[in-house]
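Read through the structure below, which is laid out as structure tokens, and then see the notes.
The values are calculated or read from the model by the stated rules, or taken from the named source; none is laboratory data. Please read all numbers here as calculations on a predicted model, not as lab measurements. A quick note on method: Cβ atoms are made from the backbone with ideal geometry, for glycine too, and the neighbour counts reach across all protein chains shown.
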Amino acid sequence: MSKQRFDSVWDAIEDTPGDAANMKTRAELMRAITEHIRLSGMTQAEAAKMLGVTQPRISDLVRGKVDAFSIDTLVNMLAAAEISLEIRLNKAA
């Protein structure tokens, strides 16, 4: 029995390469925002105020609920946190 190998968990669980890429991007943006919150020592309530969202949304963020956030929402949160976003594109292998 041969096992199929995937580059990421998203490649394994999403139906299309586009869906997997979308989820990978969201997860990476969420990691950046969560790390910013952690390093700043903010409470979830303080982070929510800074990012213009509710505390339950921050709870979803730090618990990794990727499906609860769009790329647009995450980019807006990064901007509110004054975190610049740099995009690098690579040809898929």
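Assorted remarks:
- Unmet criterion (only one of (1) more than 26 Å from Ala20 (Cβ to Cβ); (2) surrounded by fewer than 11 Cβ atoms within 10 Å (Cβ to Cβ); (3) of a type in the set (D, E, K, R)) for Glu46: (2)
- Residue match in region 31-47 (condition: of a type in the set (A, V, I, L, M, F, W, C), in contact (Cβ under 8 Å) with a residue 12 or more places away in the chain, in a loop (DSSP other than H, G, I, E, B) and at negative phi): no
- A search for C-beta distances below 8 Å between a residue of region 66-84 that is part of a helix (DSSP H, G or I) and any residue that is of a type in the set (Lys, Arg) and at pLDDT 95 or above, counting only pairs 6+ apart in sequence or on different chains, returns Ala68/Arg57.
- Residue in region 1-15 that is modelled with pLDDT under 90 and of a type in the set (Val, Ile, Thr) present: yes
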